[in-house]
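The values are calculated or read from the model by the stated rules, or taken from the named source; none is laboratory data. Bear in mind that the values here come from a model prediction, so they are computed numbers and not experimental data. So basically every Cβ, Gly included, is an ideal-geometry build from the backbone, and we count neighbours across all protein chains shown.
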Amino acid sequence: MERIPQHSHCQICGKAIPYGEIVCSDECREKYEALVKKRKMYIYIMYGALALLMLMFVLMYL
């Protein structure tokens, strides 16, 4: 039986890469960093909207 060496896959394009790596190339690294930045921005917006909504409920019942 042949064993496949331990590996992971690029988060952007899906190519097999050495275990522990996240991306396979500089191009994929740039795309990955842009994706992470966009996700962080969405999370900040979500928390801001939630805080605003909670503030509105508190002020409505005062």
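Remark: pairs (first residue in the range 1-26, free of Cβ contacts under 8 Å to residues at least 12 places away in the same chain; second residue of a type in the set (A, V, I, L, M, F, W, C) and assigned to a loop (DSSP other than H, G, I, E, B); Cβ separation under 7 Å; 6+ apart in sequence or on different chains) = K15/C24; I17/C10; I17/C24.
Taken over the range 12-55, the residue count meeting the criterion of being polar (S, T, N, Q) and modelled with pLDDT under 95 is 0. Considering the conditions (1) loosely packed, with under 11 Cβ neighbours inside 10 Å; (2) at pLDDT 95 or above, H9 is excluded by exactly one of them, (1). Taken over the range 27-62, residues that are part of a loop (DSSP other than H, G, I, E, B) and under 13 Å from the mean Cα position of the chain (by Cα) amount to 0. Considering only the range 10-26, I want to know if a residue exists there that is out of contact with any Phe, Trp or Tyr (no Cβ under 9 Å at 6 or more places or on another chain) and part of a helix (DSSP H, G or I). Checked the range 10-26: at least one residue is out of contact with any Phe, Trp or Tyr (no Cβ under 9 Å at 6 or more places or on another chain) and part of a helix (DSSP H, G or I).
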